[in-house]
Amino acid sequence: MAGDSGKKEEMSKVKIISTSHVKPGKMIGRKECQLVTFDLPYLAFYYNQKLLFYKCGEFEEKVEKLKDGLRVVLEEFYQLAGKLGKGEDGVFRVEYDDDMDGVEVVEATAMEIGIEELAAEDGTASFKDLIPYNGVLNLEGLHRPLLSVQVTKLKDGVAMGCAFNHAILDGTSTWHFMSSWAQICSGSNSVSVSPFLERTKVRNTRVKLDLSLPPNPVNGDANQGPQLREKLFRFSEAAIDKIKSKVNSTPPSDSSKPFSTFQSLAYHVWHHVTLARELKPQDYTVFTLFADCRKRVDPPMPESYFGNLIHAIFTVTAAGLLLANPPQFGASLVQKAIEAHNAKAIEERNKEWEAAPKIFEYKDAGVNCVAVGSSPRFKVYDVDFGWGKPEGVRSGSNNRFDGMVYLYQGKSGGRSIDVEIALEAGALEKLEKDKEFVLEV
């Protein structure tokens, strides 16, 4: 039982001091906005968790500054201070009213945990108690805040754990909110780019869903099944350039454009994870990515569109084909899947879904899959609240399954990319030892 006592000891390192709520700094009144076809599939996902940690002191002062900034930023992003609601016709919506609680802010201390430990930590085990809403389904936003923030005082800094309800926003909107909040805390009087809140402009089909919470929503770890491990692999600019030039060494056979950094890295991860899993040649393997559709829909939506405007895009092949063929084969599969997902394909997918709504579970990404979320385009290291850039940005343990990958802007800047991977423990061990994957240039 040593593991159990170790776990308890780990948990006891974090002590909750207080919980309060923050509302917009001005009266807004009653607002309702229906959730649209792009939002609804995520109701059965878990809250989306992010962790940022900073080297700084004067904890109490920082917490007050964060709350003051939050009051201001919520005047524009008020949907995050609301709740999920459901109309009489069974259509889900996001609701805001001045008498709602607002955003939950939890203050905690963990004086035994230091920045270095978090920066070096492979998995999410020691992050778990630094981020709220572990194992909480988005559907629970009917009676819980849509955003919970835990600010924890560390030995030598501050950890900010955020849990966002994924049914109301995607990664682009999450980081738009975070950077706006940071701008206010750093001295701006107002948000530089207001969120575009009219989500029905992209789609206004009213979809009735008969959804209720499972009698025993899974609490704690959402990962049931094989023992998973997570690891952060840091790819320097030199490594990224090497991967990209290798994949582009033979241009695509049908003379389409060269493979992008994303397509090259996607192939690299897919290939080496498939190798580490030791699949049989005839086993299928699926590559899934969550693509931003703001510029793909017709008419296009602004970058500031607030909500989910993403689609899961899939491509599949046999493990033997992926491993035996040159890199162009796998990279072309990814490239073609992305390029085929144009306005017409999006429209067809939405119509098909509206005719027979299917609520995804977070692990429905496909057989032997590699599923990529987040994006190195998000400027996560620019989220500076006035006490410097974060020392690290990571994901929590929600929505993790075998093959889930998060890509982040690299800490070292430029073209570097951090790749956070969750895999079955044995496969991850093989991946760590694969020099062709790790590429320590």
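General observations
- Which numbered condition residue 122 misses (of (1) farther than 17 Å from residue 26 by Cα; (2) assigned to a strand (DSSP E or B)): (2)
- Any hit, region 32-49, residues being more than 22 Å from the chain's Cα centre (by Cα), within 29 Å of residue 343 (Cβ to Cβ) and among the charged types (D, E, K, R): yes
- Residues that are assigned to a loop (DSSP other than H, G, I, E, B), touching a strand residue (DSSP E or B) at 6+ places or on another chain (Cβ under 6 Å) and open to solvent by less than 10 Å² (accessible area, probe 1.4 Å), drawn from region 155-169: 157, 168
- The one condition from (1) under 18 Å from the mean Cα position of the chain (by Cα); (2) buried (at least 24 other Cβ atoms within 10 Å of the Cβ); (3) in a strand (DSSP E or B) that residue 152 does not meet is (1).
- Selected residue (criterion: modelled with the highest pLDDT) from residues of region 412-431 that are in contact with a helix residue (DSSP H, G or I) (Cβ under 7 Å, 6 or more places away or on another chain) and open to solvent by 30 Å² or more (accessible area, probe 1.4 Å): 430
- You will find that of 88, 95, 104, the residue that is of a type in the set (Asp, Glu), at pLDDT below 95 and in the same structural domain as residue 48 (by the TED database) is 88 and no other.
- Considering only residues in region 348-398 that are of a type in the set (Asp, Glu) and either closer than 23 Å to residue 38 by Cβ or free of Cβ contacts under 8 Å to residues at least 60 places away in the same chain (or both), the one that is surrounded by the most Cβ atoms within 10 Å (Cβ to Cβ) turns out to be 364.
- Scanning region 420-437 for residues that are touching a His at 6+ places or on another chain (Cβ under 9 Å) and among the aliphatic types (A, V, I, L, M) returns a single hit, 431.
- Residue 263 meets all of the listed conditions (1) modelled with pLDDT under 95; (2) in contact with a helix residue (DSSP H, G or I) (Cβ under 6 Å, 6 or more places away or on another chain); (3) surrounded by 12 or more Cβ atoms within 10 Å (Cβ to Cβ) but one, namely (1).
The values are calculated or read from the model by the stated rules, or taken from the named source; none is laboratory data. Model, not experiment: these values are computed from the prediction. No Cβ is skipped: glycine too gets one built from the backbone with ideal geometry, and neighbour counts run over all protein chains shown. Note: accessible area is taken over every heavy atom of the protein model, side chains too, but ligands, DNA and RNA are not part of it. Shrake-Rupley method; radii C 1.70, N 1.55, O 1.52, S 1.80 Å.
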